[in-house]
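The values are calculated or read from the model by the stated rules, or taken from the named source; none is laboratory data. Fair warning: this is a prediction, and the values are worked out from it, not measured in the lab. Heads up, the Cβs are rebuilt from the backbone with ideal geometry, glycines too, and the neighbour counts pull from every protein chain shown. Please note that ligands, DNA and RNA were not included when accessible areas were found on the heavy atoms of the full protein model with its side chains. Shrake-Rupley method; radii C 1.70, N 1.55, O 1.52, S 1.80 Å.
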Amino acid sequence: MSTADLARIPEVSPMATLQDYAKARRESWIGHSMRGFEVLTHDQGWEIMSSKEFDIGGGFGVVLDAVGLTSGRYREEWNKQIVCTEGELRTRMRQPYMRLLKPQQVAKLQGSVREMIHGILDEIKDPTDVDFMAEIAWRLPTQLYCDLISAPREMAPWIGRVTEAINPPLLMMDRDRLGESEAAYWEGLDFIEKHIDEKRKHLGDDFTSELIRCELEGLISHDEVKTVAMSLLIASMDNTLHQLGLTFGTLLEDRSRWEQTLARPTAAPQAAEETYRLCPRFGVIARHASVDIPVNGFTIPAGNWVWISTRSGGRDETKFEDPDTFKLGRPASRALMFGSNHYSCLGATLARLEITETIKIIGERFPNIHLKGDWAKREGPLVTEVEHLRVSLV
Ligand code: HEM
């Protein structure tokens with residue numbers, strides 16, 4: 001297909017339903033929307049997000065522009081973040097994460113993550129009526145964040161409030177909450193600055209101390225210590241906790257899914273991957289073409305955005321047999337939801353550990369967990385959040 005065939009590709013809304021996607025996929029692997037191109041199939045999505053020919057064209061800046069955060073001090077802060085940078089600067093800022101959250105390092109956290117999950121479950125007051133988001137999902141990544149930076153776990157509720165107010169309004173493109181996002185950012189930055197100053201006095205075995213060591217080794221600058229520390233505050237919690245909710249909502253809404261998971265005690269990682277395929281936190285991964293780039297017989301013209309739809313790619317019938325069915329034992333495939341290549345999610349291994357261990361432990365301790373009423377999620381053009389998820393653990 002050439003660029004001249006543009007008129008023949010289907011129109012696909014950024015808010016398309018699964019039925020809309022299925023219909024569009026019957027016509028083409030790529031669609032067109034008001035924001036650019038929408039990639040509908042798994043393998044082409046993976047190819048584009050992994051290709052070095054595409055860039056991120058200012059990255060998260062495209063979202064900030066769309067919510068009206070186009071200038072000023074807050075925008076300037078965001079412009080410094082990894083998600084808005086290209087080239088050598090982003091490579092440097094990714095380094096500390098790659099050191100600190102590489103699979104071997106994350107594996108060492110398994111024991112404390114398990115202990116944390118047990119503690120969270122022990123503290124549940126009424127196991128017959130649990131607000132899964134407030135009593136479980138919010139607590140795990142926020143407590144883990146405290147451990148990662150060696151802050152007292154009692155700070156977790158405060159950290160949770162700050163992180164919840166920074167990124168989610170932007171990801172949900174909620175203009176009304178822009179002021180709240182900015183206020184929380186400065187509150188978080190103030191905390192991070194003091195925290196770094198404290199850590200400089202006695203380095204320890206934590207993320208912040210490692211960042212300072214990276215500065216001492218000349219890997220990142222003084223200012224970048226702050227920026228990378230802020231990125232952990234911004235990125236490490238809200239996506240994980242919403243995916244935890246999406247994962248449990250997906251597993252429990254059809255009892256046979258949970259039963260399949262329980263039947264194979266080693267299946268937790270696979271069960272989790274199936275939920276990322278069927279119900280991903282990130283609905284799209286963005287890439288940008290700075291020059292004309294041919295893909296699969298079609299040329300993406302320079303200057304265009306390409307939105308790889310994980311919601312559609314996960315249901316691609318040319319990739320997954322019976323794609324709407326939750327099934328363990330599928331041939332291994334790569335989850336689209338964490339992106340790929342030199343822009344990929346730097347916390348994917350950690351997020352996977354948190355979610356998989358929660359499935360395992362709840363499976364061991366509370367195999368009869370079930371939904372209490374319907375659960376509700378809200379899909380935006382970029383991400384999905386869980387609005388409510390009530391369960392009984394017994
Ligand atoms: C289920 C939970 C999570 C999801 C769905 C998620 C998803 C994503 C996605 C889609 C990207 C962009 C990838 C791309 O464009 O190729 C990303 C980037 C990033 N993620 Fe995650 N993430 C999660 C958890 C985490 C955690 C736990 C951390 C930190 C501990 C983290 C840190 C980051 C950072 C720093 C980036 C920016 C990478 C860059 O621009 O180079 N994420 N994440």
Checklist line | Qualifying positions in the range 31-57 - within 12 Å of the ligand (Cβ to nearest atom) and either more than 29 Å from E317 (Cβ to Cβ) or open to solvent by less than 40 Å² (accessible area, probe 1.4 Å) (or both) | finding: G45, I48, M49, S50, S51, F54, D55, I56, G57
Checklist line | Residue in the range 349-360 that is buried (at least 16 other Cβ atoms within 10 Å of the Cβ) and not in a helix (DSSP H, G or I) present | finding: no
Next item on the list: Search the range 96-136 for residues being within 19 Å of the chain's Cα centre (by Cα) and open to solvent by 20 Å² or more (accessible area, probe 1.4 Å), and hand back the single one that is nearest to G61 (Cα to Cα).
Entry: M98
Next item on the list: Output the residues belonging to the range 305-348 that are open to solvent by 40 Å² or more (accessible area, probe 1.4 Å), of a type outside the set (A, V, I, L, M) and at pLDDT below 95.
Entry: G329, R330, P331, S333, R334, N341, H342
Check: How many of the residues in the range 65-75 are in a helix (DSSP H, G or I) and modelled with pLDDT under 95?
Finding: 2
Next item on the list: Report, ordered by the first and then the second residue, all pairs with beta carbons closer than 9 Å, sequence separation of six or more or different chains, a first member in the range 115-129 that is modelled with pLDDT of 95 or more, and a second member that is surrounded by 18 or more Cβ atoms within 10 Å (Cβ to Cβ) and not in a helix (DSSP H, G or I).
Entry: L121/L393; I124/V130; I124/L393; P127/L393; T128/L393; D129/V391
Item checked: Single condition G31 does not satisfy, out of (1) assigned to a loop (DSSP other than H, G, I, E, B); (2) in contact with an Asp or Glu (Cβ under 6 Å, 6 or more places away or on another chain) -> (1)
Next item on the list: Go through the residues of the range 55-63 one by one and say whether even a single one is closer than 30 Å to I9 by Cβ, of a type in the set (V, I, T) and touching a Leu at 6+ places or on another chain (Cβ under 7 Å).
Entry: yes
Next item on the list: Would you mention how many residues in the range 198-256 are assigned to a loop (DSSP other than H, G, I, E, B) and either open to solvent by 40 Å² or more (accessible area, probe 1.4 Å) or touching a Lys or Arg at 6+ places or on another chain (Cβ under 7 Å) (or both)?
Entry: 9
